[in-house]
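Below is a structure I'd like to ask you about.
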Amino acid sequence: MDRIVIKDGIEEMDFEKVTDMLSKADWSPGIKIDEVERGAYNSSLVVGVFLDGIQIGYSRVVSDKTRFAFILDVYIHEDHRKKGIGQKMLNYILSHKELEDVYIWMLVTEDAHSVYGKVGFEPISHPENCMEIRRERPERK
């Protein structure tokens, strides 16, 4: 783990690597770099995990930096999973100075409950209070 470095900030991200990773994710198959970059630039925080200078992980946060934050696009390259790297990245996010006032953290997962549980996430206590509008993802160039 000594060769692992976590960085935040747009200028630190390798968006070609991030796009390659996210395009393989269940929630964003085929995503293009323009959508990845636009999402990052409109986020409150972007975080990357690097191994020997090569990006192997990514996540971003949408937040008012006061009460609420939503963690998105949590991804660790397949070759580096189950080594605690994702937990390390999540703990980095949860303890980030710019988000220290946030007291409501949310994320969506279909199959990684045990990973998120290790850093303190629990199922929504009042799911009846949550609602959504889910539309088809628009075609992008």
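A short reminder: the numbers here are calculations on the coordinates, not readings from a lab. Values in this document were obtained by computation on a predicted structure and should not be read as measured data. All Cβ positions, glycine included, derive from the backbone under ideal geometry; neighbour counts span all protein chains shown.
Counting alpha carbon pairs within less than 8 Å and at least 6 residues apart, what relative contact order, in whole percent, applies to region 4-129?
Relative contact order for region 4-129 comes out at 21 percent.
Excluding same-chain residues fewer than 8 positions from Lys65, which lysines have a Cα within less than 24 Å of its Cα?
Excluding near neighbours in sequence, the set is Lys7, Lys88, Lys97, Lys118.
Mind checking which of His126, Leu72, His113 is farthest towards the positive end of the chain's charge dipole, using Cβ charges of +1 (Lys, Arg) and -1 (Asp, Glu) about the Cα centre?
His113
Please state the charge dipole magnitude for region 4-129, taken about the Cα centre, from unit charges on C-beta atoms (+1 on K and R, -1 on D and E), reported in debye and rounded to the nearest 20.
Using Cβ point charges on Lys, Arg, Asp and Glu, region 4-129 gives about 340 debye.
In addition: When the helix-only estimate is applied to the chain (DSSP H runs of n ≥ 4, each -39,500 (n - 2.57), divided by the residue count), what is the mean residue ellipticity at 222 nm, nearest 500 deg cm²/dmol?
When only DSSP H runs of four or more count, the value is -6000 deg cm²/dmol.
Could you line up His113, His96 from fewest to most neighbouring Cβ atoms inside 10 Å?
Ranking His113, His96 by Cβ neighbours within 10 Å, fewest first, gives His113, His96.
Cα centroids of region 115-141 and region 1-44: how far apart, whole angstrom?
19
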